[in-house]
Amino acid sequence: MKIKTGIGQDSHRFENNQSVKKLILGGVEFENYPGLSGNSDADVVLHSITNAVSGVTGINILGEIADKMCLKNGIIDSREYLKEALKHLDGFIISNISISIEGKEPKINPKINEMKKS
């Protein structure tokens, strides 16, 4: 059995409190918090998973490919970037994903099941 392991990381700053951008983590909206700064929805959870998959496939999605999807095609949903990364797994199967999120707010625990479904 061949096993590959990918490790992903991502970070974005919060927008200012006047921003209308929504905070999206793991594909789930967190109300009453400013969004994260970036061209896309800046979902650091999905970006880190996408980066981990890119580490396995060797194809950097969150670079030129995501820039084209976002800036040229208007796709800002990070779920679409992850879907693109998964297309390149070439028969490999993801057996486990572990996510670490550091921050005081928002409280993640109430939304964990929704994030897993997403």
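FYI, it's all coordinate maths here, none of it is from the lab. Keep in mind it's a predicted model, so treat the numbers as computed, not measured. For neighbour counting, all protein chains shown are included, and Cβ atoms are generated from backbone atoms with ideal geometry for every residue, glycine included.
A few comments on the model shown:
- Residue (of Asn113, Met69, Gly91) at the positive-pole extreme of region 67-116, dipole from beta-carbon charges: Asn113
- Taking GluC sites (Glu not before Pro) across region 78-118, the ones in a DSSP loop with at most 11 further Cβ atoms lying within 10 angstrom of their Cβ are Glu102.
- Placed amide H near Tyr33: partners under 5 Å, 5+ positions off or other chain: Leu23
- Prolate/oblate/rounded label for region 1-48 (Cα gyration tensor, a/c 1.5): prolate
- Exceeding the 30 Å Cα-Cα cut-off - candidates Lys2/Lys72; Lys68/Lys107; Lys4/Lys72; Lys22/Lys117: Lys2/Lys72; Lys68/Lys107; Lys4/Lys72
- Relative contact order (%) - the chain, alpha-carbon pairs under 8 angstrom, separation at least six: 26
- Computed from backbone phi, the HN-Hα couplings of region 15-23 come to 5, 6, 5, 7, 5, 8, 5, 8, 7 Hz, rounded to whole numbers (Karplus: 6.51 cos²θ - 1.76 cosθ + 1.60, θ = phi - 60°; Gly and Pro given as x).
- Gain in span if fully extended, Asn96 to Ser37, counting 0.36 nm per residue against the direct Cα distance: 18.4 nm
- For region 31-43, 3J(HN,Hα) computed residue by residue from phi via the Karplus equation (6.51, -1.76, 1.60; θ = phi - 60°) reads 6, 6, 10, x, x, 9, 6, x, 5, 8, 6, 6, 6 Hz, glycine and proline entered as x.
- For region 8-58, the relative contact order works out to 42 percent when only alpha carbon pairs closer than 8 Å and six or more residues apart are counted.
- Debye log10 I(q)/I(0) at q = 0.17 Å⁻¹ for the chain, Cα point scatterers: -0.86
- Counting only alpha carbon atoms, the long axis of helix 44-57 and the longest principal axis of the chain meet at about 10°.
- 5 angstrom amide H check on Phe14, placed H, neighbours 5+ away: Ser37
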